[in-house]
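The values are calculated or read from the model by the stated rules, or taken from the named source; none is laboratory data. As the structure is a computational prediction, the values presented were derived from the model and not from experiment. All accessible areas refer to the heavy atoms of the entire protein, side chains included, with ligands and DNA or RNA removed. Shrake-Rupley method; radii C 1.70, N 1.55, O 1.52, S 1.80 Å.
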Amino acid sequence: TSLGATRVIDYHTENWWEVLPSDSFDVIYDTVGQEGTADRAMQKLRRGGSFVTIAGALSQHPKPGVSQNFFINSDTNLSNLKELNALKGLVEDFNLTMHIDGQFNLSRVEEAFDMSAQGHVVGKVSVAVSLQ
């Protein structure tokens, strides 16, 4: 609820596209890449809204007035520099934070991958690499 959420959806028992109202969201950010996500998102986004994916395809049926972008977070992708700098500012001002679900030393990297592969991580899994 710290991001303003008024409802929690248990993805084990509900599909977000079946329970959320149409034309009610400003942004949908896809980090899973499930087939059909972009087309489903178009129905849920308001005019002026944005669909962003880092894992899936863009919509084959874009909605007028809704933008869609495939965002690659990479040091070689300078086309997203403006957006990355905006995100950097949010992080520096503590307006954007990430929940860390698991922290592992490099010696336990396999455990970190196993945790991530289960598909139930809430937030991120962190692996600490010591340079000493």
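For the range 89-132, what does the alpha-carbon gyration tensor say about shape, rounded, prolate or oblate, given a ≥ b ≥ c as the root eigenvalues, a/c under 1.5 as rounded, and a/b over b/c as prolate? It comes out oblate by the Cα gyration axes.
Using a probe radius of 1.4 angstrom, the carbon and sulfur fraction of the accessible surface of the chain is 53%. Ligands, DNA and RNA are left out, and with a 1.4 angstrom probe the accessible area of the range 1-62 is 70 Å² per residue. Across the range 43-48, computed HN-Hα scalar couplings (Karplus, 6.51 cos²θ - 1.76 cosθ + 1.60, θ = phi - 60°) run 6, 8, 7, 6, 4, x Hz from first to last residue, x flagging Gly and Pro. What does the C-alpha gyration tensor say about the overall shape of the range 10-74? Classify as rounded when a/c is under 1.5, otherwise prolate if a/b is larger than b/c, or oblate. Here the range 10-74 falls in the oblate category. Within the listed set Val19, Val32, Val109, the residue fluctuating most in the Gaussian network model of the chain (springs between alpha-carbon atoms under 10 angstrom) is Val109. To the nearest ten degrees, helix 81-92 and the longest principal axis of the Cα atoms of the chain are 60 degrees apart. Helices in the chain, meaning DSSP H runs of at least 4 residues, each add -39500 (n - 2.57). Divided by all residues, the mean residue ellipticity at 222 nm is -7000 deg cm²/dmol. For the chain, modelled as a GNM whose springs connect Cα atoms under 10 angstrom apart, the maximal fluctuation among Ala86, Ala117, Ala38 occurs at Ala117.
Remark: the chain is approximated by an ellipsoid whose semi-axes, taken from the C-alpha gyration tensor as √(5λ), come to 28, 20, 15 Å, largest first.
Distances between placed amide hydrogens fall under 5 Å for Leu96 paired with Val91, all partners being 5 or more residues away or on another chain. Between Asn15, Asn85, Asn105, the GNM of the chain built on Cα springs shorter than 10 angstrom shows Asn105 fluctuating the most. Computed 3J(HN,Hα) for the range 5-13, one whole-Hz value per residue from the Karplus formula 6.51 cos²θ - 1.76 cosθ + 1.60 where θ = phi - 60°, is 5, 10, 8, 10, 10, 7, 5, 6, 10, glycine and proline marked x. For Gly49, the residues whose amide H sits under 5 Å from its own are Ser67, ignoring neighbours fewer than 5 places away on the same chain, with H placed 1.01 Å from N.
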